[in-house]
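Trainee: This is the structure I want to talk about, given as structure tokens.
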Number of protein chains: 2
Amino acid sequence: MSNSTPATIEDVARIANVSIATVSRAIHMPEKVANSTRLKVNQAIAITGYTTNAMARSLRLGRSNMILVVAPDIGDPNFSNILIGLENEARSHGYGILIGHTQNDAQRGLEYLKFLNSNQAAGLILFTGILPFGHQTMTARLPPSVGVFEPVFNGGIPYVGVDDVAGARKAIDLLITEGHRRIAFVGDSRTRLAYSRRRTGYEAGLDAAGISPDLRIVLEGDGTIESGRLAVEQLFMRDTLPTAFMCVNDQTAIGVMIGLKARGYDIPEDFSVTGFDDVPQAVFMTPSLTTIRQPRTAIGKHAMALLLELLSDGEPAETEILLRPDLVVRNSVAAPARFRR
Amino acid sequence: MSNSTPATIEDVARIANVSIATVSRAIHMPEKVANSTRLKVNQAIAITGYTTNAMARSLRLGRSNMILVVAPDIGDPNFSNILIGLENEARSHGYGILIGHTQNDAQRGLEYLKFLNSNQAAGLILFTGILPFGHQTMTARLPPSVGVFEPVFNGGIPYVGVDDVAGARKAIDLLITEGHRRIAFVGDSRTRLAYSRRRTGYEAGLDAAGISPDLRIVLEGDGTIESGRLAVEQLFMRDTLPTAFMCVNDQTAIGVMIGLKARGYDIPEDFSVTGFDDVPQAVFMTPSLTTIRQPRTAIGKHAMALLLELLSDGEPAETEILLRPDLVVRNSVAAPARFRR
DNA sequence: ACAGATTATGTAAAGGTTTACACAGCATAG
DNA sequence: CTATGCTGTGTAAACCTTTACATAATCTGT
């Protein structure tokens, strides 16, 4: 029953007294094989404990049952929940997940490219906003790929994520409803599509409320805590203070809160702050952070489903799947000071 | 240069005007091949952009270059940093990482067992404290495996983690130094080895300070936030209050803090709390949590190194690698109330 | 100068699977 | 009764490597 070496298809064939071709067919095209034979084969499989050797299968088929997931940083708090969605969907279709992180290092990207070239992965999920590979190789031979969490900047790759414009709109609408009119946007970026979409939502919200945008309170940022802190410093330097900070993500919001607290201000009494993502920390902040929730597990699930579809059909049914973001109201937003005294 | 189908070893051989055997040797045993030949082969490889087909290689060699990492929950905040260490070490040795999570579901475990049986993974890193597979299969044919983060309960598997006893000792010593003598232990467990080791450290600390242990303030728990909250409730019910809570992990500590705050107490003024792990949230709590840091990336790195050693040597040099935990002093610990008034 | 050792390379088998093609048996239609 | 088609199965090739074994060429020591 449990030999030292795993049972092969040949062992099964011998026991079932059929050819290996029939065994293979009994497994993969059961309708092509007579009932009685199928029964014999199944019994033989049970006896031997046979599982098909994935290596041999992949070699023969010319494609593996692994999906490569590349993220810039595995430690990103958004990563794990998306990964759960990806993994569940993949596993239920017989696929496994291979993991890599680039740390924004091109060299790393190339190493993962090798996984792709050597046929170890049939498809690619890109967590980073850009193709982490050199440009020449990139166009050459990329397997079916899907971008996730952040639209892919430099390649025509289908994308699954949240509706950034709508999400940002929910945040800005909340702030406006509370009475804010001078609202800073922290985390503007030309290279990160998700961020620029969030800015679009921000501007649409201002516009709808008849507030003319003020570029002096639109701050650049790369989504790090430090960039949030820096933005606060800049605003105080320039003396162009808003009453609320709409941040491009939660990390930035954390940075903003740190910056404001360091100057002795209270949140939300003196300034309101919103984030985006709803990372696990958000609820533990003081005050807890009002933010926009990404349906992370759902994103992962949809992305993997789309990729698997690509793998079988070849053509993507849709080029972009946008999920609905939800406003999570906590304690970092209140009416601006002038309304309360 | 970039054909539709990837270059094979045969293409390289043809261009270099040698046999495929020589190409293979030039790649894997360069010292066995003449300098001039090696040069030709390398040029041919550069021209074709050849990468060896991992499937064919694994099939021939009878072992893959993938390591399966199984965790009970990918979302665990401890997971990602360990994963980084695992991944870096694996990649630098040409291995890739395959990911699975069981959600404590035996059925899931079996599915991952298939990955192992079908030769897709050469080794196993177990993040969960128990072998997630059925018992019969378990003994049958398990590949080289290493437990990580939590000792493996039901199998003689080498383990890499933190020195739980020493870590717990650091926490209890801090509390005692601050003047606490009634210190609760929250998160006792018979099945989780890491937790029981931490309790050992707790008791050693009490003993060294000449404090006789009081079982009424040793509370069971499974390491969840809820279990921490529950423990507080129980203590208030029984009216056997400590002045400090030493918690088996940060999640539990968070639960304890929630429970105490809900009853209107201040931390650390009324009660001190310590955690274990130093999860990313710990620093964002109010008050920020004094805890024991797990060197997570280092744990991952050592675990993978040990596994790779196992894969080549067969015999593990050591059966347990314990890394040094560090005390991280933040704001959730202070002298007990009676000392301060 | 020659036996024997050493070095460099080639030939071919093996690893486990899938599948095109061939074939046998049998039913159906003419 | 023969031609035709269908169904179920088997044979063998192919996928791409690695490596044991064989062979050819060169070197070493006498």
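The values are calculated or read from the model by the stated rules, or taken from the named source; none is laboratory data. Note that the structure is predicted; figures quoted are calculated from it, not measured. Heads up, the Cβs are rebuilt from the backbone with ideal geometry, glycines too, and the neighbour counts pull from every protein chain shown. Areas reflect the complete protein model, heavy atoms only, side chains present, ligands, DNA and RNA absent. Shrake-Rupley method; radii C 1.70, N 1.55, O 1.52, S 1.80 Å.
Trainee: Could you tell me whether the range A:258-274 includes any residue that is under 26 Å from the mean Cα position of the chain (by Cα), surrounded by fewer than 24 Cβ atoms within 10 Å (Cβ to Cβ) and of a type in the set (S, T, Y)?
Mentor: no
Trainee: For residues that are surrounded by fewer than 24 Cβ atoms within 10 Å (Cβ to Cβ) and touching a helix residue (DSSP H, G or I) at 6+ places or on another chain (Cβ under 6 Å), scanning just the range B:59-70, find the one that is farthest from A:D76 (Cα to Cα).
Mentor: For the range B:59-70, the residue satisfying everything is B:L59.
Trainee: Another question, then. Starting from the range B:5-21, take each residue that is under 12 Å from B:K40 (Cβ atoms) and away from chain A (no Cβ under 12 Å) and list its partners that are among the polar types (S, T, N, Q) and away from DNA strand C (no atom under 12 Å from the Cβ), counting only C-beta distances under 6 angstrom and pairs at least six apart or across chains.
Mentor: B:V12/B:T48
Trainee: Next question. With the requirement that a residue be among the β-branched types (V, I, T) and surrounded by 20 or more Cβ atoms within 10 Å (Cβ to Cβ), what does the range A:219-246 give you?
Mentor: A:V232, A:T243
Trainee: Consider A:R25 carefully, then state whether it is assigned to a helix (DSSP H, G or I), within 11 Å of DNA strand C (Cβ to nearest atom) and out of contact with any helix residue (DSSP H, G or I) (no Cβ under 8 Å at 6 or more places or on another chain).
Mentor: No, not satisfied.
Trainee: So which strands (runs of 3 or more DSSP E) stay within the range A:51-129 end to end and still have 3 or more residues that are facing chain B (nearest Cβ under 9 Å) and under 23 Å from A:A194 (Cβ atoms)?
Mentor: Filter on the range A:51-129 gives A:96-101.
Trainee: For residues that are near DNA strand C (Cβ under 10 Å from one of its atoms) and farther than 21 Å from B:N119 by Cβ, scanning just the range A:1-22, find the one that is most open to solvent (accessible area, probe 1.4 Å).
Mentor: A:S19
Trainee: Another question, if that's okay. Scan (1) within 9 Å of DNA strand D (Cβ to nearest atom); (2) open to solvent by less than 80 Å² (accessible area, probe 1.4 Å) for the single condition A:M55 breaks and write down its number.
Mentor: (1)
Trainee: Do any residues in the range A:212-234 that are assigned by TED's automatic domain parsing to the domain that holds A:A244 have Cβ atoms under 7 Å from those of residues that are open to solvent by 80 Å² or more (accessible area, probe 1.4 Å) and part of a helix (DSSP H, G or I), where the two are at least six apart or on different chains, and which pairs are they?
Mentor: Close Cβ pairs satisfying both conditions: A:R216/A:R238.
Trainee: Anything in the range B:60-79 that is more than 12 Å from B:A122 (Cα to Cα) and within 16 Å of DNA strand C (Cβ to nearest atom)? List them, or say none.
Mentor: Passing the criteria: only B:R60.
Trainee: Looking only at the range B:27-50, which residues are within 20 Å of A:N117 (Cα to Cα) and among the aliphatic types (A, V, I, L, M)?
Mentor: The answer is B:I27, B:V41, B:A44, B:I45, B:A46, B:I47.
Trainee: Tell me which residues, restricted to the range B:45-59, are within 12 Å of DNA strand C (Cβ to nearest atom) and among the hydrophobic types (A, V, I, L, M, F, W, C).
Mentor: B:A54, B:M55, B:A56, B:L59
Trainee: What's the number of the only condition in (1) under 22 Å from A:R198 (Cβ atoms); (2) in contact with a Ser or Thr (Cβ under 8 Å, 6 or more places away or on another chain); (3) β-branched (V, I, T) that A:T286 fails to meet?
Mentor: The one condition A:T286 does not meet is (1).
Trainee: Going by the conditions given, is B:I27 surrounded by fewer than 15 Cβ atoms within 10 Å (Cβ to Cβ) and more than 9 Å from chain A (Cβ to nearest Cβ)?
Mentor: So B:I27 does not fit the description; no.
Trainee: For A:I47, which of the numbered conditions (1) open to solvent by 20 Å² or more (accessible area, probe 1.4 Å); (2) aliphatic (A, V, I, L, M); (3) modelled with pLDDT under 90 fails to hold?
Mentor: Failing condition for A:I47: (3).
Trainee: Go through (1) more than 7 Å from DNA strand C (Cβ to nearest atom); (2) under 27 Å from A:A122 (Cβ atoms) and name the single condition B:E31 misses.
Mentor: Of everything listed in (1) more than 7 Å from DNA strand C (Cβ to nearest atom); (2) under 27 Å from A:A122 (Cβ atoms), B:E31 misses just condition (2).
Trainee: If you go through the range A:50-68, how many residues are modelled with pLDDT under 95 and among the β-branched types (V, I, T)?
Mentor: The number of residues fulfilling the criteria is 2.
Trainee: In the range B:41-50, what residues are within 14 Å of chain A (Cβ to nearest Cβ) and within 12 Å of DNA strand D (Cβ to nearest atom)?
Mentor: Matches in the range B:41-50: B:I45, B:T48, B:G49, B:Y50.
Trainee: Restricting to the range A:1-40, what's the tally of residues that are more than 9 Å from DNA strand D (Cβ to nearest atom) and over 42 Å from the mean Cα position of the chain (by Cα)?
Mentor: Within the range A:1-40, residues that are more than 9 Å from DNA strand D (Cβ to nearest atom) and over 42 Å from the mean Cα position of the chain (by Cα) number 8.
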